[in-house]
Amino acid sequence: MSVHVWSLGSGTCALYTEDPEAAKAARQAKLRPMAAYYRLKGKGAFAWQFAGPEEKVKEVLRKAKKQVKSEQRECAGCGEFFAPRSKRQKFCSKCRQEVKREATRKRVARWRRERGVDQIGPIAQF
């Protein structure tokens, strides 16, 4: 989710967010709502804009960034941060295919070892 902050001058800042939790935090911090953005055929707002004192806006921004980091996970393969799609996901989308390919290679090698298959024979021609 994106969160943007910019100065309006004289110690006042504006906050734009697409994150409902950040919008809720902004309301709780008593920031003044400036706008809510709606899609034509959608239900409810998808983005909000608030204004208020610079200190309050920056505090809401810090809370939003902490929340985003807590929702992300470090990839066990490359070490990059990613947003997991499930609780069990360990790898980012880039590493997932490599890990899956390596697991398949090990599984097939174990299967061949257990069955005594050293090589794949020639293809029969009819």
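The values are calculated or read from the model by the stated rules, or taken from the named source; none is laboratory data. Bear in mind that the values here come from a model prediction, so they are computed numbers and not experimental data. Counting neighbours? That spans all protein chains shown, and the Cβs are built from the backbone with ideal geometry, glycine included.
Total residues in region 1-25 satisfying the condition of being touching a residue at least 24 places away in the same chain (Cβ under 8 Å) and of a type in the set (Ser, Thr, Tyr): the figure is 4. Candidates in region 87-116 are the residues that are polar (S, T, N, Q) and part of a helix (DSSP H, G or I); of these, the one that is modelled with the lowest pLDDT is SER93. Summed over region 57-86, the residues that are modelled with pLDDT of 85 or more, surrounded by fewer than 17 Cβ atoms within 10 Å (Cβ to Cβ) and not aliphatic (A, V, I, L, M) give a count of 7. Scanning region 1-48 for residues that are aromatic (Phe, Trp, Tyr), exposed (fewer than 14 other Cβ atoms within 10 Å of the Cβ) and either outside the structural domain of LYS65 (by TED's automatic domain parsing) or over 20 Å from ALA83 (Cα atoms) (or both) yields TRP6, TYR37, TYR38.
Cβ separations smaller than 6 Å between residues 6+ apart or across chains give the following pairs from region 26-47 residues that are modelled with pLDDT of 85 or more to residues that are outside any loop (DSSP other than H, G, I, E, B) and β-branched (Val, Ile, Thr): ALA26/VAL60; ALA29/VAL60.
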